[in-house]
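Here's the structure, in structure tokens; my notes come after.
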Amino acid sequence: MTQQPSYFQTFCKISKAFGTTLSGEQLVEMIIASSMEAMLAKAACLFLADETKDVFVPVAQKGLSDNYLHAKPMQAKNIVSAILRGGYLHIKDATSDPRVEHHEEKKSEGIASILVVPVMVQDKAIGVLSLYTAQPRDFSAEEIEFLSALAEQGGMAIERARLLDRLRNNSQLFLELSSSINSTLDIKQILHILTAEICRALGMKGH
């Protein structure tokens, strides 16, 4: 029988890694792999919020075939509301539970049970972490607490990576502005440069 890893040791290991890993892609891969390893799961998938479209979309997965069909993004967002009310969502029989779609596809994929927890940052859900098992399974309070803590730690790391990206982009913007402004002494030209560069950086239309 496979020995289940220590949740404490696993959490310490990934917490240390989160403190040194800056790549968003590396972070999500680490969240997926750590959740599967610690909880002896078949697969896992991380959904993050796409605020421009107001939906949650899958951004990384492991253990699932490439043609596996996830829930529609809008329905995924509706499920998040239910998760936030209860703290987690447990689907013991993923092949028949009406709260999830694609029952036959889940059966073909070998998915029996699903555990979903929110990825929280400052009381806001920026995504969800879904864990899939090959055998029907009830999850203990300790398992749910561990996956929730892992998702929250991952959420903070992802937000930090996003913040660093914004800081780098802002620094580049200031450098470009300084270079452009130093090229002219005409106040109208300077104002035009400021307006154009800021609109470009923010994705806005200038006038």
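In whole Hz, what ³J(HN,Hα) sequence does the range 26-41 give by Karplus (6.51, -1.76, 1.60; θ = phi - 60°), x for Gly and Pro?
Calculated HN-Hα couplings, in order: 5, 5, 5, 5, 5, 4, 4, 5, 5, 5, 5, 5, 5, 10, 6, 9 Hz.
Tell me the Rg and the Dmax, in Å, that the Cα atoms of the range 6-54 produce.
Gyration radius and largest Cα-Cα distance of the range 6-54: 12.6, 39 Å.
Report, by chain and number, residues whose modeled amide H sits under 5 Å from the one on Ala43, excluding near sequence neighbours (fewer than 5 apart, same chain).
Amide H neighbours of Ala43, under 5 Å, 5+ apart: Tyr132.
For the range 47-60, in order, what is each residue's ³J(HN,Hα) by Karplus, 6.51 cos²θ - 1.76 cosθ + 1.60 with θ = phi - 60°, in whole Hz (x at glycine and Pro)?
For the range 47-60, the Karplus curve yields 10, 10, 6, 9, 5, 5, 10, 6, 9, 10, 10, x, 10, 7 Hz.
Apply the a/c threshold of 1.5 to the C-alpha gyration tensor of the range 45-116 and tell me whether it is rounded, prolate or oblate.
oblate
Would you kindly derive the ³J(HN,Hα) couplings of the range 133-143 from the backbone phi angles with the Karplus curve 6.51 cos²θ - 1.76 cosθ + 1.60 (θ = phi - 60°), listing them in order in whole Hz, with x for Gly and Pro?
10, 7, 10, x, 8, 9, 9, 6, 4, 5, 5
Using a cut-off of 13 Å between beta-carbons, work out the net charge of the residues near Ala149 (Lys and Arg +1, Asp and Glu -1, Ala149 not included).
Local net charge: -4.
Compute, for Arg160, the solvent-accessible surface of its heavy atoms (probe 1.4 Å) with the complete set of protein chains present, and express it in square angstrom to the nearest 10.
80 Å²
List the residues, sorted by chain then number, that are 5 or more residues from Tyr88 or on another chain and whose placed amide H is less than 5 Å from its amide H.
Placed amide hydrogens put nothing under 5 Å from Tyr88.
Quick check on the range 15-157: take the gyration tensor over C-alpha atoms, sort the square-rooted eigenvalues as a ≥ b ≥ c, and tell me if it's rounded (a/c under 1.5), prolate or oblate.
Because its axes are fairly even, with a/c under 1.5, the range 15-157 counts as rounded.
Anything over 22 Å Cα to Cα? Flag those among Lys53/Lys92; Lys62/Lys124; Lys77/Lys124, in the order listed.
Numbers: Lys53/Lys92 31 Å; Lys62/Lys124 25 Å; Lys77/Lys124 13 Å.
Long pairs (Cα-Cα over 22 Å): Lys53/Lys92; Lys62/Lys124.
The values are calculated or read from the model by the stated rules, or taken from the named source; none is laboratory data. Quick caveat: nothing in here was measured; it's all calculated off a predicted structure. We place every Cβ from the backbone using ideal geometry, glycine too, and count neighbours over all the protein chains shown. Accessible surface areas use protein heavy atoms only, side chains included; no ligands, DNA or RNA. Shrake-Rupley method; radii C 1.70, N 1.55, O 1.52, S 1.80 Å.
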